Amino acid sequence: MALDVGMVAPLPKPQGLVALAWVTLLWNVLVALFGAYVRATGSGAGCGSHWPTCNGVIIPRSPEVETLIEFTHRATSGLAFLLVVLLALVAFRSPKGHPVRLGAGVALFFMLTETLLGASLVLFGWTADNPSPARAVVQMLHLANTYLLLAGLALTAWWASGGSALRPGGLDVWAWALGLLALLFLGMTGAVTALGDLLFPVRSSLEALERSLTPGEHFLVRLRILHPLIAVSVGLYGVFSAFWLAQRNPSIQAWAQGFAVLYGVQLLMGVANVWLKAPVWMQILHLLWAYLLWLAYLLLGASALGGRALEGTPEAPSRPERATFRDYLALTKPRVVSLLLFTALFAAFAAAQGWPGLRVFLAVALGGYLMAGAANALNMVVDRDIDARMRRTAQRPTVTQRIPAPHGLLFGLVSALLAFLILWLGANLLAALLALMGLLWYVLIYTLYLKRRTWRNIVIGGAAGAFPPLVGWAAVTGELSPLAWVLFALIFFWTPVHFWALALMIKDDYRMAGIPMLPVVMGERVTVVQIGLYALLTALISVMPFFMGEAGLVYLVGSFILNALLLLKTLNLYRVPRRSEALSLYKYSMLYLALIFLAVVVDRIGVGG
């Protein structure tokens with residue numbers, strides 16, 4: 001049975017603290033952004049190596065521009081320090097045990113360390129054009145400290161405004177805490193990247209990429225490429241955990257959606273920052289958005305873990321069986337993965353017009369399986385509540401808790417990381433990124449957003465299953481040709497035919513689980529008509545390689561036979577919409593996809609020979 005869902009009594013609002021807390025938070029964000037402007041303009045040495053004085057005096061006379069900028073930053077930072085001290089004094093007037101005392105105490109501690117870190121940058125000469133490793137380390141620590149300072153201030157403001165205190169323990173707290181650590185680490189890598197942009201400017205994005213891959217370059221240059229990769233990975237986990245919490249606590253759904261939008265915009269800003277060669281204004285905007293993301297995720301968790309008791313999942317046996325290798329293998333859905341892996345490997349053969357090489361073959365095979373398996377594992381962890389209500393999925397290890405949710409989550413994330421590294425090192429970065437995009441699409445777009453909301457879930461979400469041929473093709477060539485995108489489109493339009501045939505057979509399961517699959521929402525007749533339309537589109541797309549000159553008569557004849565059988569079985573289902581006909585179409589659709597890819601390979605090997 002599920003846990004009761006009830007509101008937690010709001011905390012009393014300490015008099016005079018609410019406005020002060022929010023103003024202090026806003027002022028510190030502005031001061032932090034101004035500090036980034038000081039760094040980006042190279043004005044950090046404007047007061048020389050003196051601190052707290054500026055060039056040996058309290059107030060510099062007739063200062064130069066750099067001195068004026070640095071002195072102004074110190075003045076605004078001093079005001080920020082005083083505001084945090086005042087906030088702590090007011091907060092400690094609140095009743096003993098009120099969480100604002102903790103928040104303000106944390107903020108005061110990190111304001112002190114913020115001051116010390118800022119002073120060390122000046123006193124040790126880690127400013128202006130200094131490229132030392134020590135400066136990079138302190139720069140990262142300074143950014144992390146700013147994040148933690150803002151966290152203390154934001155929680156103080158949140159609790160002062162009536163937000164409930166956090167409840168300790170549980171998977172949800174750990175999932176949220178891991179997301180905070182990931183965002184903190186991402187911010188630290190961003191600080192190093194910004195330092196590299198300042199000290200080692202480039203003329204173009206291509207030059208930045210080439211230099212970051214060149215042995216012997218300065219470590220700040222070589223680290224530049226890691227930040228966007230980490231950003232994508234952290235984005236995956238951050239959005240995943242946000243929607244995880246939103247599913248467990250529907251009251252924060254808007255928070256989760258807002259965080260996902262913020263992160264999408266931040267990734268686009270990152271691309272723009274690289275494209276524009278990191279101008280100062282873009283660096284400041286990028287950092288502002290990073291602060292907003294950090295605060296949004298922080299308060300999302302504070303709302304989810306403090307405002308309402310989280311919904312539970314069905315109770316597990318008191319002593320669940322110990323998980324075996326077969327349980328973890330089941331977590332990857334081997335039968336589903338096998339067809340996806342088949343399309344990836346055959347796309348690699350098609351791209352190479354023959355044997356792609358042992359290294360690429362193993363990278364695509366192992367990396368592809370692990371990435372698809374990771375996506376399926378994360379899907380099972382998220383959907384274990386609805387899986388428990390469906391006969392077909394009631395014995396999945398995440399439902400019986402032979403694999404507890406934290407273990408399944410860890411297994412999925414580690415598998416995804418291993419898959420990315422295998423594809424990157426064994427093939428190339430493009431193949432690894434495409435595989436990761438497929439996982440993102442399946443977990444974020446399909447599982448967390450579309451599946452429980454609309455019957456179009458499989459139409460849009462099914463694109464996740466169309467990424468494997470792109471991965472296989474990119475692993476061989478390092479790029480994507482028009483034929484690779486045709487193979488993508490083929491699977492995209494084939495997926496509704498395949499999946500809706502299955503949905504017709506298990507529509508009662510979906511109805512019991514409350515999943516709005518097409519047969520449940522629109523009925524069997526509409527579903528059969530839709531299957532027919534997508535089957536026709538699949539057939540039309542499948543002949544495109546011939547007319548593009550990418551395949552010959554062997555492929556054309558093979559695809560004609562396969563499409564004729566596909567359309568015939570679809571027509572039979574329309575005439576006699578019975579379970580037996582749906583099962584026949586479902587089984588044939590898998591054979592169809594495998595054979596159509598085989599036909600591409602056979603034909604291209606013949607053309608290549």
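The values are calculated or read from the model by the stated rules, or taken from the named source; none is laboratory data. Worth saying up front: this structure is predicted, and the values here are computed from it rather than measured. Please note: Cβ atoms are built from the backbone with ideal geometry, for glycine as well, and neighbour counts cover all protein chains shown. Ligands, DNA and RNA are stripped out before the accessible areas are found, and what is left, the full protein with its side chains, is counted by its heavy atoms. Shrake-Rupley method; radii C 1.70, N 1.55, O 1.52, S 1.80 Å.
Numbers below:
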| read-out | value |
| --- | --- |
| Residue, farthest from the chain's Cα centre (by Cα), within the stretch 135-166, restricted to residues that are open to solvent by 30 Å² or more (accessible area, probe 1.4 Å) and modelled with pLDDT under 80 | A165 |
| Matching residues, the stretch 97-131, being open to solvent by less than 30 Å² (accessible area, probe 1.4 Å) and among the hydroxyl-bearing types (S, T, Y) | S120, T127 |
| Number of the condition not met by L305 [criteria: (1) at pLDDT 90 or above; (2) surrounded by 21 or more Cβ atoms within 10 Å (Cβ to Cβ)] | (1) |
| The stretch 560-577 - residue that is among the aliphatic types (A, V, I, L, M) and in contact (Cβ under 8 Å) with a residue 40 or more places away in the chain and, of those, surrounded by the fewest Cβ atoms within 10 Å (Cβ to Cβ) | L566 |
| Extreme residue, farthest from the chain's Cα centre (by Cα), among residues of the stretch 451-464 that are open to solvent by 20 Å² or more (accessible area, probe 1.4 Å) and in contact (Cβ under 8 Å) with a residue 12 or more places away in the chain | W455 |
| Any hit, the stretch 65-75, residues being among the small types (G, A, S) and modelled with pLDDT of 85 or more | yes |
| Criterion violated by G354 - all others in (1) open to solvent by 70 Å² or more (accessible area, probe 1.4 Å); (2) part of a loop (DSSP other than H, G, I, E, B); (3) in contact with a helix residue (DSSP H, G or I) (Cβ under 8 Å, 6 or more places away or on another chain); (4) touching a residue at least 40 places away in the same chain (Cβ under 8 Å) satisfied | (1) |
| Residue satisfying all of: in the stretch 167-212; among the acidic types (D, E) and farther than 21 Å from W281 by Cα; modelled with the lowest pLDDT among these | E207 |
| Tally of residues being within 24 Å of the chain's Cα centre (by Cα) and either at positive phi or of a type in the set (V, I, T) (or both) across the stretch 473-494 | 2 |
| Index of the failed condition, A177 passing every other in (1) within 21 Å of V18 (Cα to Cα); (2) open to solvent by 20 Å² or more (accessible area, probe 1.4 Å) | (1) |
| The stretch 91-117 residues that are in contact (Cβ under 8 Å) with a residue 12 or more places away in the chain and over 17 Å from A21 (Cα atoms), paired with ones that are open to solvent by 30 Å² or more (accessible area, probe 1.4 Å) and of a type in the set (S, T, N, Q) (beta carbon under 8 Å, 6 or more apart) | T115/S77 |
| Flag for A501 being open to solvent by less than 50 Å² (accessible area, probe 1.4 Å) and under 28 Å from the mean Cα position of the chain (by Cα) | no |
| Test: residue in the stretch 406-422 that is more than 22 Å from the chain's Cα centre (by Cα) and either part of a helix (DSSP H, G or I) or under 28 Å from V234 (Cβ atoms) (or both) | no |
| Lone unmet requirement of (1) without any contact (Cβ under 8 Å) to a residue 60 or more places away in the chain; (2) among the charged types (D, E, K, R); (3) open to solvent by less than 60 Å² (accessible area, probe 1.4 Å); (4) out of contact with any Ser or Thr (no Cβ under 7 Å at 6 or more places or on another chain) for K587 | (3) |
| Checking A599 against (1) touching a Leu at 6+ places or on another chain (Cβ under 6 Å); (2) open to solvent by less than 20 Å² (accessible area, probe 1.4 Å); (3) under 30 Å from A351 (Cα atoms), the condition it does not meet | (1) |
| Criterion violated by T454 - all others in (1) in a helix (DSSP H, G or I); (2) within 30 Å of G258 (Cβ to Cβ) satisfied | (1) |
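Listed here are the residues, each with its yes/no results for (1) in contact with a helix residue (DSSP H, G or I) (Cβ under 8 Å, 6 or more places away or on another chain); (2) modelled with pLDDT of 90 or more; (3) of a type outside the set (V, I, T); (4) within 24 Å of A182 (Cβ to Cβ).
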site	(1), (2), (3), (4)
L298	yes, yes, yes, yes
E311	yes, no, yes, no
P314	yes, no, yes, no
V337	yes, yes, no, no
